[in-house]
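The structure appears below as structure tokens.
The values are calculated or read from the model by the stated rules, or taken from the named source; none is laboratory data. These numbers were taken from a predicted model, which means no experiment stands behind them. Here Cβ is always computed from backbone atoms with ideal geometry, including for glycine, and neighbour counts include all displayed protein chains. Please note that ligands, DNA and RNA were not included when accessible areas were found on the heavy atoms of the full protein model with its side chains. Shrake-Rupley method; radii C 1.70, N 1.55, O 1.52, S 1.80 Å.
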Amino acid sequence: AADRYNNNRQWEHLQAKYVGTGNPDTTKYEWATNQQRDTLASHVGHSDMLSYFAIAENHAVGRTRYEILEKMVQPCGPPPAKTSDDL
């Protein structure tokens, strides 16, 4: 029982520290959005990967960075409509 309690406390600590780990109330859309934003941020943060994308798209590196940052606003499209059950 003590091990289970410690595991739960560690999991709660990770959820509080890192937003992307989610919680029981995280929707599929929120989880997918976090994953996409993490991936896009990684692409922007690694200059070699950003250069690769720029060459592949035949764009300037700055233009590619701008387009990736624009995708981070709504990476999975607009959020789904709220239903009365969600409120």
Query raised in the report: Assigning unit charges at the beta carbon (Lys, Arg +1; Asp, Glu -1) and nothing else, what dipole magnitude in debye, to the nearest 20, does the chain show about its Cα centre?
Result: 120 debye
Requested in this report: Would you mind computing, in nm to one decimal, how far apart the modelled labels at K71 and E12 are, each placed 7 Å from Cα along Cα→Cβ?
Outcome: 3.8 nm
Report summary line: Taking a ≥ b ≥ c as the square roots of the Cα gyration tensor eigenvalues, with a/c under 1.5 meaning rounded and otherwise prolate when a/b beats b/c or oblate if not, the chain comes out oblate
**Report entry** Accessible area, probe 1.4 Å, largest first, for residues V73, V44
**Finding:** V73, V44
Query raised in the report: How much area per residue is accessible in the chain when the probe is 1.4 Å and only protein heavy atoms are counted (Å²)?
Result: 83 Å²
Report summary line: Given a Förster distance of 25 Å, the FRET efficiency implied by the Cβ-Cβ spacing of E57 and Q35, rounded to the nearest 0.05, works out to 0.70
Query raised in the report: At a Förster distance of 35 Å, what's the computed FRET efficiency of T83 paired with T21, Cβ-Cβ distance as r, to 0.05?
Result: 0.85
Query raised in the report: GNM on the chain, C-alpha springs below 10 Å: top fluctuator among D25, D48, D38?
Result: D25
Query raised in the report: Among G45, Y29, N7, whose Cα sits farthest toward the positive end of the charge dipole of the chain (+1 at Cβ of Lys/Arg, -1 at Cβ of Asp/Glu, about the Cα centre)?
Result: G45
Report task. On the protein heavy atoms, probe 1.4 angstrom, tell me the percent of accessible surface of the chain carried by carbon and sulfur. Result -> 53 percent
